[in-house]
Each structure stands twice: as structure tokens, then as C-alpha cells.
1. Lys and Arg at +1, Asp and Glu at -1: add these up for the other residues within a Cβ distance under 12 Å of residue 227 and post the number.
2. Could you work out [θ]222 nm for the chain from helices alone, using -39500 (n - 2.57) per DSSP H run of at least four and dividing by all its residues? Round to the nearest 500 deg cm²/dmol.
3. Give me 109, 58, 251, 154 ranked fewest to most by other Cβ atoms within 10 Å of their Cβ, as a rough exposure proxy.
4. Where in region 83-169 are there trypsin sites (Lys or Arg not before Pro) that are in a DSSP coil and have at most 12 other Cβ atoms within 10 angstrom of their Cβ?
5. Give, rounded to the nearest 20 debye, the magnitude of the charge dipole that region 137-267 has about its Cα centre when Lys and Arg contribute +1 at Cβ and Asp and Glu contribute -1 at Cβ.
6. Rank the residues 48, 72, 135 as a footprinting-exposure proxy: fewest other Cβ atoms within 10 Å of their Cβ go first.
7. HN-Hα J couplings of region 225-232 from phi, Karplus 6.51/-1.76/1.60, θ = phi - 60°, integer Hz, Gly and Pro as x?
8. Order of 96, 77, 82, 242 from fewest to most other C-beta atoms within 10 Å?
Amino acid sequence: MKRRDNLIGAVCLGVVLLLIGCGRQEGQADSDTMKLAFVAGASTDFWTFAKRGCEKADQEMEDISVEFRFTTDGTAVEQRRVLEDLQTRGIDGLAVTPLDPANQGPLIDQLAGQMPVVITDSDIPNSRRRCYVGTNNVDAGREAGRLLKELLPDGGKVMLFVGRKDAQNAKERIEGLTEEIQGTGIDIVDIRTDDIDRVRAKANVNDTLVKYPEIKCFVGLWSYNGPAILNALKDAGKLGEVKVVAFDEEDDTLQGVKDGHIYATVVQQPFEFGYQSMHLLAEILRGDTSRIPPDQQIIIPTRIIKQDDAAQFMEKIQAMRRGESI
């Protein structure tokens, strides 16, 4: 009897470990709550808005439970630890914004072998992810290029700032911007990177002000680059002397647009990244893949916010922080 009990116990333990390791495949959803996760980058306003979208989806669907995770240092190493922890705990579906898209394909493929995976913000198109939910970053780059043409009709030198040049969203924004300004006399002097370090991002701007006094415009390609540019210009007493184009909707960026210190910002809709990713994962787990387009990309449109739009948009941002869609 004791041997039989031990055997039964061993078999049960094996089944539990198998379930933990495998997660739930699409079409296998049952009456239990589906455990979904969204893994973002560093803790910024941008990803806080995505968290609000996840929370709204969680409220709307009774059969899901959503866990939202930031990385504290914004590194791919820490993100891998977060993803492996979620995998071990047996989540059923995952949305992730890769911090090192050029090298995270194998990890995404491994995860996608055990659960449906959706990519947001910076795609890994050749991976096994089920869908990309986010911005068309080439088009967003073109939007920034059109803003540059408005600011510099006679041409001029510009400097770009971004966290990492090899991130897919950065490469695509640079591609779109470069295409848009061809033949205009607008010259990109360089692209300065900061590895998602706000202190370094500001230092890059300070260094540029000293080394390239002829620069006519700064372009911040990631969300925190706008505030870094603004703060550096303010400290140097050069607000208004150098034009600024930014991305995203951090508070300082929007205030800079409202005050006229930033010409415009190309805003995404991270709330929708979270909201639509969670709904899509739940649908996949129920066996419904009808909303996945043939190109496996659900594009969330961008908006251009200029001074006349800033106050109203800032009010909408406050509504979004309360979990309301804009």
C-alpha cells in the first residue's frame, strides 16, 4: 500500500510539473481563469498607460487574470529573468515588449512553443510570435520627417537621440524619417544612443550643444528623450534656440509642447497596446484567431500633438491614467 501511495504521489507530482512547464495552448481554454501577462520595459509613463489598458481588459473579461510586469533597470537580462519566472509559474498567454529584439528571437520562440505570445512596441517579425500589436514605426518616422520639413523649410543639421539603434522600432523610425527628408537639405549629423539611461540621455544633449553649435533641431525618438532634450536646453539657457521634435506623451514632453518649447510630439497609444493585446490573447486561447491579419500585425495609429492640441490631450492623458480609453 505504501509503495502504491508513493507511486501515485510521484505520478501526480509529474503531472503538476508538466502543467507548470507547458502553459495553455490556443484553443484549450476551459472554465478556469486564464492567466495572462504583459512584460514591459522600464517603469515609465508610457508603460504605465499600457498597464491601464491591461487593467481595463481584465475588468471586462471575467475569465482572465492579468499580471503586468516592469523591469527595474530596463535591461534584456532582467527581462529574461521576468519572462522565465512567468514561464515557470505556468501563465497561459504573454504580451512582451522586447528590450533587445535583435537577440531575443530564440527566447520568444521558446516561449511561443508553450503559450501564445504577442509582441508590442518593437517587433521580432521572424519569430514565432502570433501577432504584433503596436505602432507602424516606419510611418511614425515619416511623421517626424514631415515635422522636420515644416520646421526647416530651407534645410539644416539635426541630431537624433534614442536608447538603442538596433531596436526594431528605432531602426524603423530612423528609416521612415530618413526617407521623408531625402532631397530637402535636412542633414542628420549623428544618432546618439543612451542605453535607456536618462542621465546619459541628457548628457548626450549637453555634449551635442557644445560640439555642434550649428545644429538646428533635436529629435528624440524614444519617450524619455523629449524630457532629456528639454531639460538640457533649459539648463543651457537655449530654449527656443534649437527646435525640438519628440515622441510619446511623457508629462514633461507634453508640457514642453504646450509651452512652445517642443514643436510637436508623435504620440502612440500604449493604452491600446495593453488593452488589445490582452483581448487578442484571450481570443487565441479560446480558439478564435479571426482577428489576426494575414501579415500578423495589428497597427495602432499615431497622433501628432502640437501646441494647439496639447491642453486637451493632457486632459485625455489624465483620463487614461484612470483607466479610460482615449
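1. Taking every other residue near residue 227 into account, the sum is -3.
2. Per the formula, -15000 deg cm²/dmol.
3. Lowest count first: 154, 251, 109, 58.
4. On the way: sites: 89, 128, 129, 130, 142, 146, 149, 157, 164, 165; in loops: 89, 128, 129, 130, 164, 165.
Listed in order of number, the matching sites are 89.
5. 280
6. 72, 48, 135
7. Whole-Hz 3J(HN,Hα) from phi for region 225-232: 5, x, x, 5, 4, 4, 5, 5.
8. Fewest to most other Cβ atoms nearby, the residues stand as 77, 82, 242, 96.
Every number here is computed from the coordinates shown, using simple stated rules; none is lab data. Bear in mind the structure is a predicted one, so any value in this text is a computation, not a measurement. Heads up, the Cβs are rebuilt from the backbone with ideal geometry, glycines too, and the neighbour counts pull from every protein chain shown.
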